[in-house]
1. Looking for whichever is touching a Pro at 6+ places or on another chain (Cβ under 8 Å) and at pLDDT 95 or above here; the options are THR52, THR58. Which one fits?
2. Look at the range 56-84 and say how many of its residues are touching a residue at least 24 places away in the same chain (Cβ under 8 Å) and within 26 Å of CYS12 (Cα to Cα).
3. Could you tell me whether ARG27 is of a type in the set (D, E, K, R), surrounded by 10 or more Cβ atoms within 10 Å (Cβ to Cβ), assigned to a strand (DSSP E or B) and out of contact with any helix residue (DSSP H, G or I) (no Cβ under 6 Å at 6 or more places or on another chain)?
4. Would you confirm whether any residue within the range 35-48 is without any contact (Cβ under 8 Å) to a residue 40 or more places away in the chain, in a helix (DSSP H, G or I) and either surrounded by 10 or more Cβ atoms within 10 Å (Cβ to Cβ) or touching a Phe, Trp or Tyr at 6+ places or on another chain (Cβ under 8 Å) (or both)?
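The values are calculated or read from the model by the stated rules, or taken from the named source; none is laboratory data. Just so you know, these numbers come straight off a predicted model, no measurement behind them. Heads up, the Cβs are rebuilt from the backbone with ideal geometry, glycines too, and the neighbour counts pull from every protein chain shown.
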Amino acid sequence: MNNSKRKATLRCENCGRGGAQLRHVTRSYGKGSSLLVVENVPVVSCPHCGATYLTAETLHEMDRIKAHRRSLARQRNVAVAEFV
């Protein structure tokens, strides 16, 4: 199998078992005019204990993205719905 097609498996930092997988999700920070949406954020997800978390490296990169949002982000119109 081609390495680019394999999903990375990791050891879960919560339960210590192998088999945790790296997934990519969209996260939002702030609200209203200060809303920042970050796509393709890597999260570790464990099928054994259900933990989902960001690594320290990812958290540092998110801080960098938020600090430099004006130069890194691009404006896009997005539909917003409210759960009632």
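1. Details: THR52 fails: touching a Pro at 6+ places or on another chain (Cβ under 8 Å).
When all the criteria are applied, what remains is THR58.
2. Adding up the residues that qualify gives 2.
3. Here the answer is yes, as ARG27 does meet what is asked.
4. Filtering the range 35-48 for residues without any contact (Cβ under 8 Å) to a residue 40 or more places away in the chain gives 35-36, 38-48.
With in a helix (DSSP H, G or I) added as a condition, the list becomes none.
Scanning the range 35-48, I find no residue that is without any contact (Cβ under 8 Å) to a residue 40 or more places away in the chain, in a helix (DSSP H, G or I) and either surrounded by 10 or more Cβ atoms within 10 Å (Cβ to Cβ) or touching a Phe, Trp or Tyr at 6+ places or on another chain (Cβ under 8 Å) (or both), so the answer is no.
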